[in-house]
Structures are given as structure tokens and as C-alpha cells.
Amino acid sequence: MKMTRLWVMVYYCIAGTLMVLVLLLVIQQTKMTAVPVMAKMKPEIKPDTDTTCAKYPSTLVGKSKIHFKALDYVALKRKLSDVGSGGRWRPKNCIGKQISVLVPFRDRDEHLRVWLNYIHPFLQRQKLNYVIFVVEQDGKGIFNKGQIINTGVVAIMERTKNPCTCIIIHDVDMMPEDDHNLYHCNEAGPTHLWYAVDKGSTGKYRVAYPDHAGGALAIITTHYVMVNGYPNLYYGWGSEDDDFSERIAHHKLKLSNSPNNTGNYKMILHQRDKLNEITPQRMKLRRSARKRFKTDGLNSLETKIIKEEKRKLYTWLLVRIKERNEVKW
């Protein structure tokens, strides 16, 4: 007899609990990532009602015009005064879906200010109970997106203690145009949130290729742990998202896509960072991807969170990664 969707969700959450507990135990014992013990969070204030927020609340406005003008932080804080410490917000008149937004980041402050100005109202119109984490790589070494995302996911899991936490992994230069593009997670598998992207507001959209997982992705931590997270070996730009999508397919998880009528994004046009050069080993790593699924990822992570701050519009984590010259190739 086929299991109902409810039983599928229960199954994943139970399995996820075991996987998350095992992962956190391994991290604690081997100290493969030195994530400090987070301060106890204050009990969350319950909403004024027991009513669950509507899937498509009346506050949605549809497609919005996106401007790439960056406000300064004084203006941003004044405009977004209802956002709580650490970038946390929840609706007052209903119970919203809980999500954590994770942004891998380094030296893109202007882009971050543009993104924060847009993403907070976008998530609030969807009546989500959310918190934003900006996870920044320390130092001047080559950027490693995989290690930064893995570290952020571990930090979120340690805070929530929930194996079915919904995480939105989001590039800082990607702006969703239509708030009917719901930032929800799917218990059947990850959701790639953008269908097509317009780089620099030219009006010309490029459709995402099949099975693409980069840019903006919704995934529950159960599935993230199942696939062993992102690979840690891609230093620089390129192919880490493709490696991750191959992990999703290998574990027979369904990768969904946002519909073409709501999944359009604007991207801030910019030159590639000097310390984010094209990954020199990317093709070699792609050819060996399947051999590394079980050994390169969350269970081989060697990073350290060296600072954390609950800033007004987001929680900031500063991460020291394992540098490329420390890797035995």
C-alpha cells in the first residue's frame, strides 16, 4: 500500500532526526567544524492567534519592479524597523511557516544592502516566520561557497534542533520578482526557486538548465544531511552547484522548479570577484563527483566560526575555511 504524504513526511522527519543527531555527534567528537555553542535563544513569542497563515495571503502583490539602488544601513533600519534582532520576523495575526535564509557571502556589501531592502518585505508579504543568516568567509583566500554553506547549515541545525528545518540557500545578487513564488520547502525534495533570470535588468531572460540547483534553493535539513551537503573541494567559481544537484539525483530526491509564470529573477550585474577565480580543478572534480559523495561534504568539513553577531537585519557568522593550500590533492 502506498504511503500517504503525511506518512512520507513523518518518515523523513524521523529518519532526519537520526541523521542530524549522528552528524552533530560526529562534529562534536571529531571537532571537524568548530562551531561554538550558541547562546540560548529567548522563547519565541506566540502569535496572537492559533490560525495558520494562508498559503497565498492577501498581502501578496504579484510582480514587483526591482531597483538596484542600495540604501545605507541607517535608512534600511528605519524602513525595516519591525524586523527583530538577528534578522528575525514573524506575522502577528497567524502562524507562518518557519524558514531560515542562508546567504554565502564575502565583500559584497552594496549587493547585500540592495538584497535586504527587497527580500525582507518579500518574505513578510508571504507571512513567513523567518530569520536571515549571512555567512561570510574570512581572510583573502579563494572563495569556497560549499564550505560556507555547509558551515551555515550546521549552525542553523544546532540552533533549531529540528531535523525538518526549511532552509533557503540564496545568492546575494538574486532578486525574486513575484511574491507568488513561495519560499516554502517540499518534503518530497528540494525546490529550485528561479525559472529564468535577467542579468542587469536588460529585459532578456535566461532559462535555468535542467536540474540546476544554484542561485536560490529551498531544502529541508533532512535532505541536506542525506546528500552529505555541498562538496568542500571547489575553490573559486563554478561547478559546485552542479556537483550538489548530482548528489540530489543520486539519492533519488525530486528536484522541483518554480513555475515559469512566477519564477523570474533579476540579477545584479557585476564582475567576478578577484578572489573568486574559475575553479582550476572543476572538471576533474566533476568527473570524480560520484566517488566523493560519501567522503566530501558535511562529514569532512573543517571550518571554524570565529565571530557571530545578531545585527539588526541579519545574523552574521564569520567563518575561517580550510584553505586550498591545506588540501592534499
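The values are calculated or read from the model by the stated rules, or taken from the named source; none is laboratory data. Bear in mind the structure is a predicted one, so any value in this text is a computation, not a measurement. Positions of Cβ are backbone-derived with ideal geometry, glycine not excepted, and every protein chain shown enters the neighbour counts. Please note that ligands, DNA and RNA were not included when accessible areas were found on the heavy atoms of the full protein model with its side chains. Shrake-Rupley method; radii C 1.70, N 1.55, O 1.52, S 1.80 Å.
Kindly report the accessible area of the stretch 219-329 per residue (heavy atoms of protein chains, probe 1.4 Å, no ligands, DNA or RNA), in Å².
52 Å²
List the pairs from LYS97/LYS252; LYS79/LYS145; LYS97/LYS145; LYS69/LYS199; LYS63/LYS204 whose alpha-carbon separation is above 19 Å, in the order I gave them.
Exceeds cut-off: LYS97/LYS252; LYS79/LYS145; LYS97/LYS145.
Cβ neighbours within 10 Å, averaged per peptide: list 148-160, 50-62 in order, most packed at the top.
The most tightly packed comes first, giving 148-160, 50-62.
Given the stretch 161-241, report the % of alpha carbon pairs whose separation exceeds 19 Å.
When every Cα pair of the stretch 161-241 is considered, 43 percent fall beyond 19 Å.
Averaged across orientations, what area in nm² does the convex hull of the alpha carbons in the stretch 119-197 project?
For the Cα atoms of the stretch 119-197, the hull's average projected area reads 6.6 nm².
Please sort 116-123, 289-296, 97-104 by packing, taking for each peptide the average over its residues of neighbouring beta carbons within 10 angstrom, highest first.
My ranking of the peptides, most packed first, is 97-104, 116-123, 289-296.
For q values of 0.11, 0.23 Å⁻¹, compute log₁₀ I(q)/I(0) with the Debye formula on a Cα-only model of the stretch 70-135, without solvent.
Calculated log10 I(q)/I(0) at the listed q: -0.25, -1.04.
All other residues with a Cβ under 12 Å from the Cβ of HIS184 taken together, and with Lys, Arg as +1 and Asp, Glu as -1, what is their net charge?
Cβ neighbours under 12 Å give a net charge of +2.
If you count the DSSP beta bridges with both ends in the stretch 45-137, what percent of them are antiparallel, to the nearest 5?
Percent antiparallel among DSSP bridges in the stretch 45-137 is about 25.
Rounded to the nearest 10 Å², what accessible area does VAL83 show when all protein chains are kept and the probe is 1.4 Å?
For VAL83, solvent-accessible area is about 0 Å².
Placing unit charges on C-beta atoms (Lys and Arg positive, Asp and Glu negative, everything else neutral), compute the dipole magnitude of the stretch 148-215 about its Cα centre in debye, rounded to 20.
140 debye
Can you tell me how the stretch 92-165 classifies by the Cα gyration tensor, rounded, prolate or oblate, using a/c under 1.5 as the rounded cut?
Since a/c reaches 1.5 but b/c is at least a/b, the shape of the stretch 92-165 is classed as oblate.
Let me know the whole percent of all Cα-Cα pairs from the stretch 103-256 that are separated by more than 22 Å.
When all Cα pairs of the stretch 103-256 are counted, 40 percent exceed 22 Å.
Stokes-Einstein at 20 °C, 1.002 mPa s, Kirkwood radius from Cα pairs: D for the stretch 180-329 in µm² s⁻¹?
For these conditions, the coefficient is 124 µm²/s.
For the stretch 186-329, give the share of DSSP beta bridges that are antiparallel, in percent and rounded to the nearest 5; count only bridges with both residues there.
For the stretch 186-329, the DSSP antiparallel bridge percentage is about 60.
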